[in-house]
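Just so it is clear, none of the values below were taken in a lab; they were calculated from the coordinates. Please read these numbers as outputs of a predicted model, since none were measured by experiment. Don't worry about glycine lacking a Cβ; one is built from the backbone with ideal geometry, like all the others, and counts go over all protein chains shown.
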Amino acid sequence: MSRPLAVFAYDFDGTLAPGNMQEHAFIPDELGMDHAEFWRETTRLAREQRGDGILAYMHLMLTKAREKGLELSLESWRRRGAGLRLFPGVEDWFARQNARADALGLDLRHFIISSGNRELIEGSPIAGWFDRIYASGFMFDGDGDAIGIALAINYTGKTQYLFRINKWTLDEWDTDGVNEVQAEQRRPVPFGRIAFFGDGLTDIPVMRVMTDHGGHPVAVYDPARPITEAAAAKLLRDGRARLAAPGDYREGAALDRLAVEILEEMARGVSGELFP
């Protein structure tokens, strides 16, 4: 690698986009359900089955889609994702940060680490900017239809993907590479060159790992929802996030200014490092 790698990793729901992605179209428009009732049913199912909430919501998505006779192909899920609403400035954010990183001698990459649905994110207008979309995904049969759950990423499971990035062993199925002993000074992306942008309870373990390893955890909140600003303030008070800003990704906004500071700090930290 000719330049040191740097990474901006993001949660999706509440971080790059307001609310939960399934609420933007799928739950109200196709299932014909109130989204609050869908999530209540998810919680009931998880409790009854003593199961994981992420697995429960994905199971309900498939079950209720089948009941409605909805299309289940990979492309149909990606089409649903094409309508995801994003916070202001998100679509221009990635090129802007890449240009800044390049000027500082960094090779900036972008990743998603989300409990949301992988196929919906893959259909979003920003999917092409990510090296990997780590999110909960469906399993597809030979005809290309969703038949089950391939991957569920819950709040503690998210931390695995920080270490995959840190060691640059990026394939979800590769359990050997991510567990191999690798001296920290030889890891392609030290935590000091990773920033994670997240918004809520499912991001707390990731932010804790980032804080403990010298990374850059940033709490993002929806300025239209005071409860999310309160959650970000709590992350700061509890020492789980170092920085916080509203979900406004436009040039010159507070989040954009934080990105400049983070990239500059990453570039300063490269001096004296060993990297492949």
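Side notes on the structure shown:
- Exactly one residue out of GLY192, GLY177 is under 16 Å from TYR134 (Cβ atoms) and in a helix (DSSP H, G or I): that is GLY177.
- Filtering the range 179-220 to residues that are more than 19 Å from the chain's Cα centre (by Cα) and under 26 Å from ALA150 (Cβ atoms) leaves ASN179, GLU180.
- Selection of the range 207-228 for residues being within 23 Å of ALA253 (Cβ to Cβ) and outside any strand (DSSP E or B) yields MET207, MET210, GLY215, ASP222, PRO223, ALA224, ARG225, PRO226, ILE227, THR228.
- 2 or more residues under 21 Å from GLY128 (Cα atoms): qualifying helices (runs of 4 or more DSSP H) within the range 1-104: 74-81, 90-103
- Of all residues in the range 203-227, those that are free of Cβ contacts under 8 Å to residues at least 12 places away in the same chain have Cβ atoms under 9 Å from Cβ atoms of residues that are of a type in the set (Ser, Thr, Tyr) and crowded, with 19+ Cβ neighbours inside 10 Å, 6 or more apart or on another chain, in ILE227/TYR221.
- Qualifying residue in the range 185-202 (condition: without any contact (Cβ under 8 Å) to a residue 24 or more places away in the chain and farther than 18 Å from TRP93 by Cα): yes
- Scanning the range 218-250 for residues that are surrounded by 14 or more Cβ atoms within 10 Å (Cβ to Cβ), over 19 Å from LEU16 (Cβ atoms) and aliphatic (A, V, I, L, M) gives ALA233, LEU236.
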